[in-house]
Amino acid sequence: MNDFKRYFIELAYNGTNYHGWQMQKNAVSVQEKLQESLSMLFRKPIGIMGSGRTDTGVHAKQQFAHFDFDGEMRKGEFLKRINGLLPGDIAVFDVSPVTHNAHARFDAIWRRYEYHITFRKDPFQTGKAWHCYYDLDVSKMESVSKLLLGYQNFECFSKTKTDVKSFDCEIKEAFWEQTSHGLIFHIKANRFLRGMVRAIVGTLIKVGRDQLDKAQFVSIIEGKDRSRAGTAAPANGLYLSEVNYPEIIFK
């Protein structure tokens with residue numbers, strides 16, 4: 001039996017400069033930067049597993065990853081040093097010991113995403129929200145978004161040629177929040193398919209523009225055909241905002 005201990009780290013990142021979370025051969029990813037910094041800090045190769053992957057340009061307000069380490073861990077010192085090594089658009093907020101078989105991806109119970117829309121040009125929102133020029137009926141978008149809670153199969157909102165065993169997801173919440181100059185779409189589910197949230201937002205925008213009604217939205221879901229749903233909303237407005245785990249895995 002080895003002496004490795006497993007740790008969860010809580011982090012956030014601005015995804016503008018990265019080709020998503022997951023390691024790639026010819027592009028810079030968040031996972032790559034984090035693994036490089038951890039390996040430099042501990043002076044040995046460190047691999048990490050994230051709670052899920054985000055696409056190119058997508059942000060995270062809260063992401064988790066796990067790694068194994070056999071040395072001494074002082075939380076305050078670790079956070080100071082790892083953040084000193086990471087680029088400015090990636091930050092580690094916390095590190096916690098967990099049970100030896102805890103898994104950042106498979107043990108997650110719920111995940112929440114936000115999609116940010118701005119109706120005016122805002123230099124502080126550049127790369128962080130979709131600058132939307134359409135006049136939208138938000139009440140219709142809100143009403144139709146509630147229909148998502150009555151379904152489980154969301155193949156119509158999944159990227160095509162995706163290697164998954166099931167298109168079933170349990171959506172717990174889906175609603176729109178109006179801000180002073182825009183909108184935020186909130187959605188919470190036990191799992192998400194690739195491209196799912198951006199496809200949902202793009203389709204709900206069509207509802208807000210009176211290009212789809214409730215019956216047509218239902219037909220899209222039940223038809224399980226991605227080509228019938230709306231164009232995916234731009235990546236820069238999407239945020240992974242929360243990941244929930246059972247308390248039992250934390251020591």
Inset, instruction - Set Lys and Arg Cβ to +1 and Asp and Glu Cβ to -1, take the dipole of the chain about its Cα centre, and tell me which of 245, 175, 57 lies farthest positive. - result: 57
Legend entry - Candidate residues 21, 130: accessible-area rank, largest first, probe 1.4 Å: 130, 21
Inset, instruction - Before rounding to the nearest 500, sum -39500 (n - 2.57) across all DSSP H runs of length at least 4 in the chain and divide by the residue total; then give [θ] at 222 nm in deg cm²/dmol. - result: -6500 deg cm²/dmol
Inset, instruction - Could you grab the relative contact order for region 128-244? Cα pairs under 8 Å, six or more apart, rounded to a whole percent. - result: 34
Inset, instruction - Calculate, for the chain, the solvent-accessible area per residue in square angstrom, rolling a 1.4 angstrom probe over the heavy atoms of the protein chains. - result: 52
Legend entry - Where only alpha carbons of region 120-251 are counted, the Rg and the Dmax (Å): 15.4, 51
Inset, instruction - Place +1 on the Cβ of every Lys and Arg and -1 on the Cβ of every Asp and Glu in the chain, take the dipole about the Cα centre, and give the residue among 115, 98, 231 whose Cα lies farthest towards its positive end. - result: 231
Inset, instruction - Could you check how much of the accessible area of region 1-97 is carbon and sulfur, as a whole percent, using a 1.4 Å probe? - result: 49
Inset, instruction - For region 24-171, take the alpha-carbon Rg, divide it by the Kirkwood Rh, and send me Rg/Rh. - result: 1.02
Inset, instruction - Assign unit charges at the C-beta atoms only (+1 for Lys and Arg, -1 for Asp and Glu), then state the dipole size of region 200-240 relative to its Cα centre in Debye, rounded to the nearest 20. - result: 60
Inset, instruction - Any chance you could check the Cα centroid distance between region 192-215 and region 117-160 for me, in angstrom? - result: 7
Inset, instruction - Taking the Cα centre of the chain as origin, sum charge times position over the Cβ atoms of Lys and Arg (+1) and Asp and Glu (-1), and report the length of that vector in debye to the nearest 20. - result: 360
Legend entry - Rg/Rg_ref, region 124-195, where Rg_ref = 2.2 N^0.38 Å and atoms are Cα: 1.29
Inset, instruction - Taking every Cα atom in the chain, find the radius of gyration and the maximum pairwise distance Dmax, and write them in Å. - result: 19.4, 62
Inset, instruction - Pairs of Cα atoms under 8 Å, at least six residues apart: use those to get the relative contact order of the chain, whole percent. - result: 25
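Relative contact order for region 65-158: what percent, with Cα pairs under 8 Å and sequence separation of 6 or more?
17
Please compute the alpha carbon radius of gyration of region 1-97, then divide it by the globular-protein estimate 2.2 N^0.38 Å. Two decimals is fine. Spell out each step's value before the answer.
Details: Rg = 12.8 Å, N = 97, 2.2 N^0.38 = 12.5 Å.
Dividing the Cα radius of gyration by 2.2 N^0.38 Å gives 1.03.
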Inset, instruction - Using the structure shown, list the pairs from 5/33; 25/161; 80/188; 33/140; 80/161; 161/214 with a Cα-Cα distance above 30 Å, or answer none. - result: 80/188; 33/140; 80/161
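The values are calculated or read from the model by the stated rules, or taken from the named source; none is laboratory data. Bear in mind that the values here come from a model prediction, so they are computed numbers and not experimental data. Positions of Cβ are backbone-derived with ideal geometry, glycine not excepted, and every protein chain shown enters the neighbour counts. SASA here: full protein model, heavy atoms, side chains in, ligands and nucleic acids out. Shrake-Rupley method; radii C 1.70, N 1.55, O 1.52, S 1.80 Å.
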